[in-house]
Amino acid sequence: MHVNTPLIPALPPFTLPGQQAWLKMDALQPVGSFKLRGVGRLCAAQVAAGARAIVCASGGNAGYTAAWAARRLGVKAHIVVPQTTSAQVREAIAALGAQVHVHGSVWDEAHAHAVQLAEDLGAAYVHPFDDPLLWDGHATLIDEVVAAGVSFDCVVLAVGGGGLLAGVIEGLRRNGLAHVPVIAAETEGAASLHESLLAGERITLPAITSIASSLGAKRVAQQAFELCLNAPVQSVTVTDAQAVDACLAFADVHRVLVEPACGAALAVPMVLPEVLAEFKAPLIEVCGGVGVSLDRLSAWKTMPR
Ligand SMILES: *Cc1c(COP(=O)(O)O)cnc(C)c1O
């Protein structure tokens, strides 16, 4: 269901002197984010196995994508969103023909409700970040870069629940690139992976305080955490303001709108150049996101920092 997205050379400030960074433009997927790779794969597999309805808990790109995929596959979608999800997002999901259920104040509560709902309805539950088939789908982004013949010496990506990270590492491994380092970026206030690595165990954040809502998993997937202990992953954090500045610069320089979640990865060359100094050809996953508009970008521009 996903498309093979463009792979383009980055312009400054997303590439540093002495290197040529590459942008994998997953913001251009039909759903606006990389999510279609894994969520699409998972939904298709469930329908092939006989599912007539799909349930997903997400007030963000995963929910939007599950609704999109279900429509494509001709099955019913039930998307459970927490109360914090804006009316605009609820409408966008409903416009795809999905039934929107509002439950709980945070994702974890929506998730628990969705698992029960799937059981009651006899529907398939699609997890937004914790499923091996989902990672297998996300891994296609690395397959595409390798097939394009572009060589890269590190991957820069954003981390929420860790599904993208697990998928990219799977993609590197299956292409003989397990040695390639991954720079995993989170915003402060949504840094569940970073805090877990500091603590030496998988922790649960007390709350999410970042505006990068697509990174707002209070606890990362176990697999993502373990991969970081066994693969060359460097965890970094940026502030919300730095992520937003990266979104604004990206809109100006590359003329594409992305969420602050994606801005976290784009901010790395801008604010942490030392992290990328040793590389000649970083690959930046432009993960995208539908939670952005001209109005929201200009509101972020004037937010206090
Ligand atoms: C889902 C998402 C992320 C985080 O992905 P995880 O698999 O949860 O780590 C980052 N950016 C965007 C735009 C997303 O939709």
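The values are calculated or read from the model by the stated rules, or taken from the named source; none is laboratory data. Keep in mind that what you see is a predicted model, and the values were worked out from it rather than measured. Backbone-built Cβ (ideal geometry, glycine too); neighbour counts: all protein chains shown.
For the stretch 93-112, the set of residues classified as surrounded by fewer than 18 Cβ atoms within 10 Å (Cβ to Cβ) and part of a helix (DSSP H, G or I) consists of ALA94, ASP108, GLU109, ALA112, listed by residue number. Filtered by the rule that a residue be aliphatic (A, V, I, L, M) and crowded, with 18+ Cβ neighbours inside 10 Å, the stretch 250-270 gives LEU257, VAL258, ALA261, ALA264, ALA265, LEU266, ALA267, VAL268, MET270.
Taking the stated definitions as given, is PRO82 touching a helix residue (DSSP H, G or I) at 6+ places or on another chain (Cβ under 6 Å) and at pLDDT below 95? Yes; evaluated as a whole, the condition is true for this residue. VAL150 fulfils the conditions (1) within 16 Å of the ligand (Cβ to nearest atom); (2) surrounded by fewer than 24 Cβ atoms within 10 Å (Cβ to Cβ); (3) of a type in the set (Val, Ile, Thr) except for a single criterion, (1). Among the criteria (1) touching a residue at least 40 places away in the same chain (Cβ under 8 Å); (2) surrounded by fewer than 19 Cβ atoms within 10 Å (Cβ to Cβ); (3) more than 29 Å from ARG90 (Cα to Cα); (4) not charged (D, E, K, R), the one SER235 does not fulfil is (2). For the stretch 262-305, which positions are more than 16 Å from the ligand (Cβ to nearest atom), modelled with pLDDT under 95 and in a helix (DSSP H, G or I)? LEU294, ASP295, SER298, ALA299, LYS301 - these are the residues of the stretch 262-305 that are more than 16 Å from the ligand (Cβ to nearest atom), modelled with pLDDT under 95 and in a helix (DSSP H, G or I).
Filtered by the rule that a residue be within 15 Å of LEU165 (Cβ to Cβ), surrounded by fewer than 23 Cβ atoms within 10 Å (Cβ to Cβ) and small (Gly, Ala, Ser), the stretch 197-232 gives a lone residue, ALA231.
None of VAL220, VAL256 is part of a loop (DSSP other than H, G, I, E, B), closer than 25 Å to ARG174 by Cβ and either among the hydrophobic types (A, V, I, L, M, F, W, C) or within 16 Å of the ligand (Cβ to nearest atom) (or both) except VAL220. Restricting GLY59, GLY63 to those that are closer than 24 Å to LEU165 by Cα, within 16 Å of the ligand (Cβ to nearest atom), out of contact with any Gly (no Cβ under 7 Å at 6 or more places or on another chain) and assigned to a helix (DSSP H, G or I) reduces the list to GLY63. When the stretch 153-202 is filtered for residues that are away from the ligand (no atom under 16 Å from the Cβ), part of a helix (DSSP H, G or I) and within 20 Å of the chain's Cα centre (by Cα), only ARG173 remains. Restricted to the stretch 16-56, and to residues there that are assigned to a loop (DSSP other than H, G, I, E, B) and among the aliphatic types (A, V, I, L, M), the residue that is farthest from GLY167 (Cα to Cα) is LEU16.
Just a yes or no: is a residue in the stretch 118-138 of a type in the set (A, V, I, L, M, F, W, C), in a loop (DSSP other than H, G, I, E, B) and either out of contact with any strand residue (DSSP E or B) (no Cβ under 8 Å at 6 or more places or on another chain) or away from the ligand (no atom under 16 Å from the Cβ) (or both)? Within the stretch 118-138, one or more residues are of a type in the set (A, V, I, L, M, F, W, C), in a loop (DSSP other than H, G, I, E, B) and either out of contact with any strand residue (DSSP E or B) (no Cβ under 8 Å at 6 or more places or on another chain) or away from the ligand (no atom under 16 Å from the Cβ) (or both). Scanning the stretch 271-305 for residues that are surrounded by fewer than 15 Cβ atoms within 10 Å (Cβ to Cβ) and either touching a Gly at 6+ places or on another chain (Cβ under 6 Å) or of a type in the set (Gly, Ala, Ser) (or both) yields ALA277, SER293, SER298, ALA299.
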